[in-house]
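Below you'll find the structure, written out as structure tokens, and then a few comments.
Only the coordinates and a few stated rules stand behind these numbers; no lab work does. Everything numeric here is computed off the predicted structure, so don't read it as measured data. Here the Cβ positions follow ideal geometry from the backbone for every residue, glycine too, while neighbour counts run over all protein chains shown.
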Amino acid sequence: MKLEEIRQKIDKIDRELLVLLQERMGLALRSRKFKRAVSDPTREEEVLSRIERLNLDLIERSFTRRLIRTIIEESKRLQEENRPLVAFQGEHGAYGEVASRRLIPNGAYIPCLEFIDVFRGVEENHFDLGVVPVENSLEGAVTQVNDLLTTTDLKVIGEAKVTVKHCLLSTEDTDHREIRLVYSHPQALAQCRGFLMRNKLEARPFYDTAGAAKMLARENPRAAAAIASELCAELYDLEIIKEGIEDGPANNTRFLLLSRQPYANGGEKTSVIFATPHEAGRLFAVLRLFAEANINLTRIASMPLRSDPENYCFFLDFEGSEQDEKIAGVLQQMEKLTISLKRLGSYPAASGIY
Amino acid sequence: MKSLKLAARAKARKTVVQIGDVGIGSNLAVIAGPCSVESEEQTIEPARAVKSAGADMLRGGAFKPRTSPYSFQGLGIGGLRILDKARQETGLPIVTEVIDPRDVSWVAEFADVLQIGTRNMQNFSLLKEVGRAGRPVLLKRGMYSTLEEWLNCAEYVLSEGNPNVILCERGIRTFETYTRNTLDLSAVPAIRELTHLPIIIDPTHSTGRPSLIEPMSLAAVAAGADGIIVEVHWRPEEALCDADQALTPAAFAGMMKRLRPLRTFMDQQPA
């Protein structure tokens, strides 16, 4: 091996160490929710002695102890900070994390495998807040999330619109002329099809956009690149070859911020889910309430009821707060016209598209 | 010149290459900017300066063909990203050189016009590739080439289905050493007689002397050129490439005050 190659490998290992350390810190923060106090000397001793049992010829036991001790001290410091734990679906760098960072700038962002893990985790107080996508300007409703909203007790306390700006990312030592394969989520690959064709690149589906970026950084496969967010380039130390490589007009995704407690200060927007009896004119009667009260609707969507496939429930977002007298009145009348009415809450409206 | 099935003057009206609001072949097109893209600061500041002085498009090299392999070779994709940013800041379309057939599709993702440099004029595989890239091509004249050889190279691009070729006279090698090359100004009216394609001149590389840039640009406009492509560097003495031959933004602004009025005057004269 040449010196240059050895150094490249060292750089790669450093990157991996940090990615793993980030994951460990996230877990340490999550463990705080289960512990009475930050410090737990018995557990610390257990961690240290278990690691010392490993017999590695190049790594002195005293060094291991010092290293792990430093890591433990840092995770205790992080736990003391009491940052809100914000859960999102996907790997670090997913568009859900982009939204989380906008909504809660000082949070600790915790990746979850599935949307249901975000919902259950917040419900069970393992996380403080959750961020989930409800709709995309090109693809429409995110049905899994909408379905979970119908059954959860969580409240919506905020929203954010995030522009989906796909970037072609590669590791630093990959020449653009060598790139043949591009890994990403099938939806992202489909949105960038023209770009891939023009540059004769082969699309390789991956479970997640950020997951593809993470894989690229950790494994550095030959002749490969990934399509993911700009944030991924930052988090995984990848080069942006080009940003905004999607074919169509920029699309954006609307995310909701979920909490166990409702938003305390009124808000400007309200979300509800309701179902009406299967009779002529019932939906119209509900919507008429809003028209007559001169309340502007910002979203209306229908979804089949899982519990009752012949019937539908409706998602309604509108301007104003539940605390406004006019809206409280409409909601009261709505109770009489519907078979179910779920108030997701009122919250500040997204001020722009990020 | 029977081989010029598409480039020859015979049938066609004069070609106008439309790039955004700029019509090369109808109005006087002024393309200005640094020789090579060296940093964001060194590119975006002059881009703003040339825009406010009245330039129509921004030039800047990310992939540089250099006489010596040890000279600065350009920032590559990083340079293209800087040009992209300069376009977003100023709205000026981007002209940039491509030197490797493997880079054509990538450069086309960023650039509005693909430039073929004098050394690559007869790089036929590169010409075919840019002919298929879906972007207008600025084809510089080879420093040892005849007009016929040059037009045959344009024919290569046209025959791939790309009708948008802009010719650029950039000086030829003669025995004169005071100037870097000799600007063949007669090429402008001669090209008019031979082809429908627009022709611009490069007063920077042809003279290699900032003091000659303005007189030769004015002469080119008087001779009927469709535009100029000129190097403007923020601090010419610090340039990593072709130092000392670029105009300062102030000198460029001064030249522009005379260039467009001259074109207007020429347009008003009866044919």
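Along its three principal axes, how long is segment B:37-135 when you only count alpha carbons? Whole Å, largest extent first please.
Between the extreme Cα coordinates on each principal axis of segment B:37-135 lie 38, 33, 20 Å.
Please return the longest stretch of chain A lacking exposed loop sites, where trypsin sites (Lys or Arg not before Pro) count only if DSSP places them in a loop and at most 14 other Cβ atoms lie within 10 Å. Display every interim value, and only then the final one.
Values: sites that count: A:LYS2, A:LYS35, A:ARG36, A:ARG53, A:ARG180, A:LYS200, A:ARG222, A:ARG306.
With trypsin sites (Lys or Arg not before Pro) excluded where exposed in loops, chain A gives A:54-179 as its longest stretch.
Checking a compactness column here: for segment A:3-81, what do you get for Rg(Cα) / (2.2 N^0.38 Å), N being the number of residues? List each step's numbers first, then the result.
Working: Rg = 15.0 Å, N = 79, 2.2 N^0.38 = 11.6 Å.
With N residues counted in segment A:3-81, Rg over 2.2 N^0.38 Å equals 1.30.
Determine the equivalent ellipsoid of segment A:232-322 by diagonalising the alpha-carbon gyration tensor, then write out the semi-axes as square roots of 5 times the eigenvalues, largest first, rounded to whole Å.
Numbers: eigenvalues 258, 74, 48 Å².
Largest first, segment A:232-322 gives 36, 19, 15 Å.
Return an integer: the convex hull volume of the alpha-carbon atoms of segment A:183-238, in Å³ per residue. Let's see the in-between values first.
Working: hull volume 4.1 nm³, N = 56.
Value for segment A:183-238: 73 Å³ per residue.
Straight-line reach only, C-alpha to C-alpha below 28 angstrom: list the lysines that A:LYS9 could link to, leaving out same-chain residues fewer than 8 apart.
Qualifying lysines at Cα under 28 Å: A:LYS214, A:LYS242.
Enumerate the amide H contacts of A:LYS269 below 5 Å, restricted to partners 5 or more residues apart or on another chain; note that Pro and chain-start residues carry no placed amide H.
For A:LYS269, the qualifying residues are A:GLY320, A:TYR347, A:ALA349.
Per residue of segment A:247-258, what does 6.51 cos²θ - 1.76 cosθ + 1.60 with θ = phi - 60° give for ³J(HN,Hα)? Whole Hz please, x for Gly and Pro, Karplus curve as stated.
In residue order, the calculated couplings are 6, x, x, 3, 9, 9, 10, 9, 10, 10, 9, 10 Hz.
Just subtract the alpha-carbon distance of A:ILE300 and A:ILE71 from 0.36 nm times their residue separation and send over the number in nm, one decimal. Write out the running numbers ahead of the final one.
Working: separation 229, 0.36 × 229 = 82.44 nm, distance 4.91 nm.
Length difference between fully extended and current span is 77.5 nm.
For segment A:254-298, count the residues as N, evaluate 2.2 N^0.38 Å, and divide the Cα radius of gyration by that value, please. Can you show the working numbers first?
Numbers: Rg = 14.0 Å, N = 45, 2.2 N^0.38 = 9.3 Å.
Here the answer is 1.50, to two decimals.
So what's the convex hull volume per residue for the Cα atoms of segment B:133-270, in Å³?
Here the figure is 130 Å³ per residue.
Given the options A:GLU234, A:GLU279, A:GLU114, state which has the largest fluctuation in a GNM of chain A using a 10 Å cut-off (strictly under) for Cα springs.
Its mean-square fluctuation being the largest, the pick is A:GLU279.
Against the 2.2 N^0.38 Å scaling, with N counting residues, where does segment B:97-200 land? I'd like the Cα-based Rg ratio to two decimal places.
Ratio of Rg to 2.2 N^0.38 Å for segment B:97-200: 1.05.
Can you give the extra length, in nm with one decimal, that the chain gains between A:LYS200 and A:GLU80 once fully stretched, where that is 0.36 nm per residue apart less the Cα-Cα distance?
This chain segment gains 38.1 nm when fully extended.
Separation between the A:GLN323 and A:LYS336 pseudo-spin-labels, each 7 Å from Cα along Cα→Cβ, expressed in nm?
In this crude spin-label approximation the distance works out to 2.7 nm.
Taking only the Cα atoms of the protein assembly as shown, how large is their convex hull per residue, in Å³? Kindly include the intermediate steps, with their values, before the conclusion.
Numbers: hull volume 147.5 nm³, N = 625.
About 236 Å³ per residue, rounded to a whole number.
Near the amide H of A:ILE241, under 5 Å away, which other amide H atoms are found, from residues 5 or more places off or on another chain, if H is placed in the peptide plane?
A:LEU168, A:LEU169, A:SER170
Build a GNM of chain A with springs between Cα atoms under 10 Å: which of A:ILE72, A:ILE104, A:ILE240 gets the top mean-square fluctuation?
Result: A:ILE72 has the largest fluctuation of those listed.
With a point put 7 Å past each Cα toward its Cβ, work out how far B:ARG102 is from A:ALA291 in nm, to one decimal.
About 6.5 nm separates the two model spin labels.
Take every Cα-Cα pair in segment A:98-138 and report what % of them are more than 17 Å apart. Walk me through the intermediate numbers first.
Numbers: 272 of 820 pairs.
Counting pairs separated by more than 17 Å, the tail of P(r) holds 33 percent.
B:ALA219 to A:GLU234: FRET efficiency via 1/(1 + (r/R0)^6), r the Cβ-Cβ distance, R0 45 Å, to the nearest 0.05? It would help to have the intermediate numbers written out before the result.
Details: r = 52 Å, r/R0 = 1.15.
The pair B:ALA219/A:GLU234 has a calculated efficiency of 0.30.
Quickly estimate the mean residue ellipticity at 222 nm for chain A, helices only: each DSSP H run with n ≥ 4 gives -39500 (n - 2.57), and the total goes over all residues, rounded to 500.
Numbers: 12 runs with 143 residues, N = 354.
Calculated at 222 nm, the ellipticity per residue is -12500 deg cm²/dmol.
Name all residues of segment A:13-40 having a backbone nitrogen under 19 Å from the label point set 7 Å from the Cα of A:ILE51 along its Cα→Cβ direction, giving them as ranges.
Under cut-off, by backbone N: A:13-32, A:38-40.
Using alpha carbon coordinates only, what is the Rg to Rh ratio of segment A:32-127, with Rh defined as the Kirkwood radius?
Numbers: Rg = 16.9 Å, Rh = 15.7 Å.
Checking Rg against Rh, the ratio lands at 1.08.
How much length would be gained if the chain were fully extended between A:ILE10 and A:SER351, taking 0.36 nm per residue of separation minus their Cα-Cα distance, in nm to one decimal?
Numbers: separation 341, 0.36 × 341 = 122.76 nm, distance 4.41 nm.
So the chain would gain 118.3 nm between A:ILE10 and A:SER351.
Give the average over all directions of the projected area of the C-alpha convex hull of chain A, one decimal, in nm².
Averaged projected hull area, Cα only: 22.3 nm².
Using only the Cα atoms of segment A:84-164, each taken as one equal point scatterer with no solvent, compute I(q) by the Debye sum, divide by I(0), and report log10 of the ratio at q = 0.12, 0.15 Å⁻¹.
Values, matching the q order: -0.29, -0.47.
Could you compute the longest span of chain B free of chymotrypsin sites (Phe, Trp or Tyr not before Pro) located in DSSP loops and having at most 16 other Cβ atoms within 10 Å, not counting the site residues? Walk me through the numbers on the way to the answer.
Details: sites that count: B:TYR70, B:PHE72, B:TYR144, B:PHE175, B:TYR178.
Segment B:179-271 is the longest.
Tell me the label-point distance for the pair B:ASN27, A:THR143, using the 7 Å Cα-to-Cβ offset, in nm and rounded to one decimal.
Taking the two extended label points, one gets 5.2 nm.
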